[in-house]
Amino acid sequence: MSSHPSDVDDARSAPPDDHWSSVSRHVLNSYREANNALLAAMGFRPTAGSDAARPTAGTTVETAAAEVTFGDEAWVMERSTDDHDSLGVGDYVRFSKPIADTDVTAFAQVSGDTNRLHLESEFADDTQFGGRIAHGTLVAGTISAALARLPGLTVYLSQNLEFTGPVEIGETVTAECEIVEDLGGDRYRLHTTVVDEDDDPVIDGEAVVIINDHPDE
């Protein structure tokens with residue numbers, strides 16, 4: 001038998017303060033990794049160092065908001081009109097983006113949805129999906145992203161969804177929102193869909209929104 005003490009013995013024999021310091025460092029590092037994943041999903045590129053992911057008062061948050069507002073080079077938008085006043089039945093907007101692993105990790109951290117199907121490859125490989133898939137509500141978020149790109153200021157009133165297929169992590173999805181009814185008073189009913197890279201539907205639904213003029217217009 002080896003005379004070297006085991007890791008378990010080391011943990012048991014370590015002073016309580018040292019043990020809890022080690023645990024605290026582990027928790028802090030895990031938090032930093034999750035926070036970095038969230039920032040990466042939002043378009044940040046944190047630099048090395050303990051303060052890399054820490055916002056600086058004032059300027060950092062404003063810069064981040066600008067980056068998110070104007071989008072990412074991997075995001076693609078198409079719409080039938082740029083004029084709010086001409087919006088009507090038949091007008092549409094399409095928005096495409098890849099669902100990256102950082103998106104899935106960040107969504108799990110922000111929402112608290114840590115379903116193993118989305119996060120653990122070994123577990124997900126044994127399911128009917130044969131691997132990890134993106135959260136359904138994360139994919140559905142591309143509908144909201146598309147609606148936000150209609151001309152004007154869009155406010156959600158309602159949304160119903162039917163999930164018709166899984167989305168693999170790394171796959172690019174496209175959300176399309178088409179106005180099917182003008183309800184009056186800047187209110188519209190839209191058919192909302194999301195398709196995968198093979199143009200197969202993964203989400204189908206309907207939304208009701210208000211689309212006002214931008215305050216600065």
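Every number here is computed from the coordinates shown, using simple stated rules; none is lab data. Just so you know, these numbers come straight off a predicted model, no measurement behind them.
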Tabulate in residue order the Karplus-calculated ³J(HN,Hα) for the stretch 110-118, using 6.51 cos²θ - 1.76 cosθ + 1.60 with θ = phi - 60°, rounded to whole Hz; enter x for Gly and Pro. 6, 8, x, 7, 9, 3, 4, 4, 8
Residue by residue, what Karplus-based ³J(HN,Hα) values in Hz, rounded to whole numbers, does the stretch 137-150 have, using 6.51, -1.76 and 1.60 with θ = phi - 60° and x for Gly and Pro? 6, 5, 5, 4, x, 5, 5, 4, 5, 5, 4, 5, 9, 5
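Rounded to two decimals, what is the ratio between the C-alpha radius of gyration of the stretch 67-175 and 2.2 N^0.38 Å? Walk me through the numbers before you get to the answer.
Numbers: Rg = 15.9 Å, N = 109, 2.2 N^0.38 = 13.1 Å.
Against the compact-globule rule of thumb, the ratio is 1.21.
Once you have the Cα-Cα distance between D85 and H191, take 0.36 nm times their residue separation minus that, and quote the gain in nm to one decimal. Walk me through the numbers on the way to the answer.
On the way: separation 106, 0.36 × 106 = 38.16 nm, distance 2.01 nm.
Contour length minus Cα-Cα distance gives 36.1 nm.
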Taking 0.36 nm per residue of sequence separation and subtracting the Cα-Cα distance, how much length would be gained by fully extending the chain between D101 and D126, in nm to one decimal? 7.1 nm
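What's the extension gain from D113 to V76 if we count 0.36 nm per residue and subtract their Cα-Cα distance?
10.6 nm
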